[in-house]
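A short worksheet on the structure shown next.
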Amino acid sequence: MRLGALFSGGKDSCLAIHKAQAFHEISCLISLIPSSEESYIFHYPNIWVTRFQAEAMGLPIIQMETEIGEEKELTSLSKALKLAIKRYGINGVITGAIKSTYQVSRIQKICNRLGLWCFNPLWLKSQEELMREILKIGFEVIISGIFAYPLDSSFLGRRLDTNLLAELINLWRKYGINIAGEGGEIETTVLDAPMFKKRIKVTDYEIQYRDNSGIFKIKSLRLVDK
Amino acid sequence: MRILLISLCSDPLSELEFVKPIEHILKHEGINLIVKHYMKISPGDSRLVEKVIICGSALKDNFFLAGEWFRWLSDFEKPILGVGSGAQVIAKAFGCNLIRKTKIGVFKVRLIKENKLVDKRVFYAYFLTGRAIELAKPLESLAKVGNIDCMVKHESREIYGCLFHPEVMSSEIIMNFILRT
């Protein structure tokens, strides 16, 4: 089967691709670029980096800007999928959805309308298990957004490792923060993974932070040999 | 207690979405289980287990409806729970028709008849189905979403079907099946 991967550049969409590649060909990545930070569904910080992640994986990417508003974003997703069918002949879609019935049911409906298979290989996976799997596989992941108390600017740009995971598990137990970040508490950016032929090196960045909310904004990067 | 978990997925990638979550719930409760694809079930498997759960499948995956793979269900005397597409399998095995009706998302479910699996009169459940059951004896309705029978039971045996996916929002249904039937 030829799959299009809904791709945010974060750990979940990368892990979904990693799992799907064991069974199917990933024909293209599909990224929606919200024109607003208030995007209802899609990952925001460093979404521009997806073009370079695609290049690192050696895959084509469809990047489509979405208008503001839930329904408009879904219309944009539908348009992007139609383009992926026409340009790359995809017959299925893969997502990194874990728990959100809101997100997954909307994607399922669009896939159903377009006659596409829909795969969600991380569906209902436990937060801790998911993070441990990412570490075990050897993804290089940084925290690129934090949006919940008591997360502060010290987390921005930190690389996911066993120490950070232990801290996040502690915060999960104490404050109920979703350590996999699907509730929007944490956003991540993947700089390297087994399917990357080159890795991403961040050469300039800026931290924007205020009141337990902030982003690690990648301003420039380059692809380097592994 | 040992449970047989049956996969209906024609694509192994879908098993991560439809089989693994149920497997995870059961393993978390310390329940011993065997996972098998429906095409690989042998007569000996049913003798080795106390109960059977037939898991769901992707919306576009209907290959399990072709052929006579589930003829054994009508003579199987132990408790069975069909989830999502698994409920379609049970309906078909007991002579009900399946009609095209797509339902995707979270919907309010109303209990019609008291039963061992559900204690609430109203609850929310996640649906991902392309077919509804045209109810006929020996199956009876336990719950409805709108005018669709979304939870069914054999009138005299411990055989249940949930057209929705209890593993998503109502996992107590799965545990009640394990502990109460």
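Step through the table entries A:72/B:120; A:86/B:36; A:174/B:60; A:82/B:144; A:72/B:101; A:197/B:60, compare each Cα-Cα distance with 31 Å, and write down the pairs that go over it.
Details: A:72/B:120 37 Å; A:86/B:36 37 Å; A:174/B:60 41 Å; A:82/B:144 35 Å; A:72/B:101 26 Å; A:197/B:60 33 Å.
Violating the 31 Å Cα-Cα cut-off are A:72/B:120; A:86/B:36; A:174/B:60; A:82/B:144; A:197/B:60.
Quick one: pull the percentage of alpha-carbon pairs in region B:2-180 with a separation above 21 Å. Mind showing how you got there, number by number?
Numbers: 6622 of 15931 pairs.
It works out to 42 percent of all Cα pairs.
Per residue of A:114-121, count partner chain C-beta atoms within 10 Å of its C-beta, then hand back the mean as an integer.
Whole-number average of other-chain Cβ neighbours for A:114-121 is 4.
Roughly what % antiparallel, to the nearest 5, for the DSSP beta bridges in the protein assembly as shown? Intermediate results must be reported in sequence, preceding the final value.
Values: 46 of 80 bridges.
In the protein assembly as shown, DSSP labels about 60 percent of beta bridges as antiparallel.
What is region B:2-180's relative contact order, in percent, from Cα pairs under 8 angstrom and six or more apart in sequence?
Relative contact order comes out at 21 percent.
Karplus couplings for region B:167-176 from phi (6.51 cos²θ - 1.76 cosθ + 1.60, θ = phi - 60°), rounded to Hz, Gly and Pro as x?
With coefficients 6.51, -1.76 and 1.60, one gets 5, 7, 10, 9, 5, 4, 5, 5, 5, 5 Hz.
Between residue A:140 and residue A:22, what is the FRET efficiency for a Förster distance of 22 Å, r being their Cβ-Cβ separation, to the nearest 0.05?
0.60
To the nearest 20 Debye, how big is the dipole of region A:127-225 about its Cα centre, given +1 on the beta carbon of each Lys and Arg and -1 on that of each Asp and Glu?
320 debye
Which residues' amide hydrogens lie under 5 Å from the amide hydrogen of residue B:112, considering only partners 5 or more residues apart or on another chain, with H built in the peptide plane?
Close amide H contacts, sequence-distant or interchain: B:143, B:144.
With springs connecting C-alpha atoms under 10 Å apart, model chain A as a Gaussian network and identify which of A:34, A:150, A:121 has the largest mean-square fluctuation.
Looking only at A:34, A:150, A:121, the biggest GNM fluctuation is shown by A:150.
Is the shape of region B:56-120 best called rounded, prolate or oblate, per the rule: a/c under 1.5 gives rounded, else a/b larger than b/c gives prolate, else oblate, with a ≥ b ≥ c the square roots of the Cα gyration tensor eigenvalues?
oblate
Report the charge-dipole magnitude of the protein assembly as shown in Debye, nearest 20, computed about the Cα centre from +1 at each Lys and Arg Cβ and -1 at each Asp and Glu Cβ.
800 debye
What average number of partner chain Cβ atoms lie no more than 10 Å from the Cβ of the residues making up B:15-28?
The shielding value for this peptide is 3.
What number, in nm² with one decimal, is the all-direction average of the projected area of the convex hull of the alpha-carbon atoms of region A:2-119?
6.4 nm²
Top mean-square fluctuation among A:189, A:66, A:95, Gaussian network model of chain A, C-alpha springs under 10 Å?
A:66
So what does the Cα-only Debye profile of region B:1-103 read at q = 0.12, 0.25 Å⁻¹, as log10 I(q)/I(0), no solvent term?
Evaluating at q = 0.12, 0.25 Å⁻¹ gives log10 I(q)/I(0) of -0.37, -1.57.
Just grab the label-to-label distance for residue B:100 and residue B:75, each label 7 Å out from Cα along the Cβ direction, in nm (one decimal).
Between residue B:100 and residue B:75, the label points sit 3.6 nm apart.
Which value results when the Cα radius of gyration for the protein assembly as shown is divided by 2.2 N^0.38 Å? The partial results should precede the final answer.
Details: Rg = 22.3 Å, N = 407, 2.2 N^0.38 = 21.6 Å.
In units of the 2.2 N^0.38 Å rule of thumb, it is 1.03.
Put +1 on the Cβ of every Lys and Arg and -1 on every Asp and Glu Cβ in chain B; which of B:111, B:164, B:7 then has its Cα farthest towards the positive end of the dipole?
It is B:111, whose Cα lies furthest towards the positive end.
Where Rh is the Kirkwood radius over the Cα pairs of region A:127-225, the temperature 4 °C and the viscosity 1.567 mPa s, what D in µm²/s does Stokes-Einstein return? Intermediate values should be presented prior to the final figure.
Numbers: Rh = 13.9 Å.
Answer, rounded: 93 µm²/s.
As I understand it, the dipole of the protein assembly as shown uses +1 on the Cβ of Lys and Arg and -1 on the Cβ of Asp and Glu, about the Cα centre. Which of A:116, A:180, A:195 lies farthest toward its positive end?
Result: A:116.
Would you work out which of A:76, A:46, A:26 lies farthest towards the positive end of the dipole of region A:2-119, given +1 charges on the beta-carbon of Lys and Arg and -1 on that of Asp and Glu, about the Cα centre?
Most positive-ward Cα: A:26.
With +1 on each Lys and Arg Cβ and -1 on each Asp and Glu Cβ, and nothing else charged, work out how big the dipole of chain B is about its Cα centre, in Debye to the nearest 20. Walk me through the intermediate numbers first.
Values: 26 positive and 20 negative charges, 78 e Å.
The dipole of chain B has a size of about 380 debye.
Read-outs: derived from the displayed coordinates by stated rules, not from any lab. No experiment lies behind these values; they were computed from the predicted model shown. Please note: Cβ atoms are built from the backbone with ideal geometry, for glycine as well, and neighbour counts cover all protein chains shown.
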